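One structure is given below, encoded as structure tokens.
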Amino acid sequence: MNMYIKAFSVAIIVGSILLCINQFDALFGQSEIRLIPALLTYCVPFIVFLLGNRQGIKTKNKGN
């Protein structure tokens, strides 16, 4: 469960930075926010963290 909390924390931080970069005009201008890309902006770092963590555990176990 701790791994999911870390993944969530990374997703919030990285996703927020990416959201500001990708949808700057929607957040601070007159454009409309695109909901699906905004949600995916948070999902991608979450999934990448989990997959990277899983791969790291597999690699560590192979070395032993």
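Scanning the range 1-37 for residues that are of a type in the set (S, T, Y) and either in contact with a Gly (Cβ under 6 Å, 6 or more places away or on another chain) or modelled with pLDDT under 95 (or both) returns a single hit, S31.
Scanning the range 47-59 for residues that are over 14 Å from the mean Cα position of the chain (by Cα) and of a type outside the set (V, I, T), which turns out farthest from I5 (Cα to Cα)? Write out each step before concluding.
Going through the range 47-59, the residues over 14 Å from the mean Cα position of the chain (by Cα) turn out to be 54-59.
Still in the running and of a type outside the set (V, I, T): 54-56, 58.
Numbers: R54: 15, Q55: 18, G56: 17, K58: 20 Å.
Looking at the filtered set, the residue picked out is K58.
Selection of the range 14-46 for residues being within 27 Å of M3 (Cα to Cα) and either hydroxyl-bearing (S, T, Y) or touching a residue at least 24 places away in the same chain (Cβ under 8 Å) (or both) yields V14, G15, S16, L18, T41, Y42, C43, V44, P45, F46.
Could you tell me whether I47 is modelled with pLDDT under 95, open to solvent by less than 100 Å² (accessible area, probe 1.4 Å), among the β-branched types (V, I, T) and assigned to a helix (DSSP H, G or I)? Before the answer, list the steps.
Values: modelled with pLDDT under 95: no; open to solvent by less than 100 Å² (accessible area, probe 1.4 Å): yes; among the β-branched types (V, I, T): yes; assigned to a helix (DSSP H, G or I): yes.
Judged against the criteria, I47 is not a match.
Being within 23 Å of F49 (Cβ to Cβ) and surrounded by 11 or more Cβ atoms within 10 Å (Cβ to Cβ) is the filter here; which residues of the range 14-38 pass it? Spell out how you get there, then give the answer.
Kept after step one, since they are within 23 Å of F49 (Cβ to Cβ), are these residues of the range 14-38: 14-23, 35-38.
Hits for the range 14-38 are V14, G15, S16, I17, L18, L19, C20, N22, Q23, P37, A38.
The values are calculated or read from the model by the stated rules, or taken from the named source; none is laboratory data. Remember, predicted model here, so these are calculated numbers, not experimental data. We place every Cβ from the backbone using ideal geometry, glycine too, and count neighbours over all the protein chains shown. Surface accessibility is based on the protein's heavy atoms, side chains included, excluding ligands, DNA and RNA. Shrake-Rupley method; radii C 1.70, N 1.55, O 1.52, S 1.80 Å.
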